[in-house]
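Here is the structure we will look at.
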Amino acid sequence: MSKIKWRRLALAAVCGMAFGTTCFAAGGIQRIEAYFNHDMQFTINGKAWTPQDNDGSALAPVIVNGTAYLPVRAVAEALGSQIEWNDAAKTIAITTAEGAGTSAERDRLIAGKIDEIKEKLKLGLTQEEVQALFAQPHEPAYDNGDLENGRDAYWKYDFFKEPGYSRQDIPDHVIDEEGLLSKKIGAYLFIGWKDGKLHLYSISYVNPKDHRVYMYVLHPDGTASEERVSP
């Protein structure tokens, strides 16, 4: 047990840690004395969480004068927020779906997350590689025995989910249309694994153009399909 008395947990807006690039003006640099605490652990909504860098490597908090600092990107994404760096203004912008201010802004954030998923998730990725792609922790998913397709494990991600929202009355592989349409969830990612490798995934979301639920699927043969699932 560390003898340090932790006063608070702060977000570190240190761009070299948060983004993996140098993104601060030379005049704003200040030398400090700091150290890493590799024993400190974290939970988000009661679930264990490990901050990671863009390569998926675990990160330890930086301790400065008894205050723990974490990379802002890791924390923001773990909480379902969108984060952007404006190099010209030297500003880190953090936006949550709930605090976006307008439906159009929320839709933009969700669309950005869907594009990110489509770009990053590839068939054959290992579970460790997928964990490294998203700061937000996954949850084990269950198909209730309805899917007889050779897959041996399932994960789920609820992006931009309203805190406390949960559906226990439907299987995990069934689309929560009510949650999506009521904006309790922004996007739902369901992943199927086979022999420890990504075998299939689907993303369910509401298309802002017609306010209907759609599902994008990357099939085991590498083909993709996208169709409307709500009437």
| segment 28-96: GluC sites (Glu not before Pro) in DSSP coil with no more than 15 other Cβ atoms inside 10 Å | 33
| With respect to the cross-link table entries 90/183; 122/183; 156/183; 47/161; 113/194; 47/118, which display a Cα-Cα separation exceeding 23 Å? | 90/183; 122/183; 113/194; 47/118
| said: Probe of 1.4 angstrom, ligands and nucleic acids ignored: what's the accessible area per residue over segment 28-73, in square angstrom? | reply: 68
| note | Regression test value, accessible area per residue of segment 120-225, probe 1.4 Å, units Å², expected 50
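Are there trypsin sites (Lys or Arg not before Pro) in segment 187-230 that DSSP puts in a loop and that have at most 14 other Cβ atoms within 10 Å, and which ones?
209
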| field | With every protein chain in place, segment 106-231: carbon and sulfur % of accessible area (1.4 Å) | value | 48
| field | Dipole magnitude (debye, nearest 20) for segment 124-214, charges at Cβ of Lys, Arg, Asp, Glu | value | 340
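The values are calculated or read from the model by the stated rules, or taken from the named source; none is laboratory data. Just so it is clear, the model here is predicted, and its values are computed rather than measured. Ideal geometry is used to build each Cβ from the backbone, glycine not excepted, and the neighbour counts take in all protein chains shown. These accessible areas exclude ligands, DNA and RNA; they are computed on the full protein's heavy atoms, side chains included. Shrake-Rupley method; radii C 1.70, N 1.55, O 1.52, S 1.80 Å.
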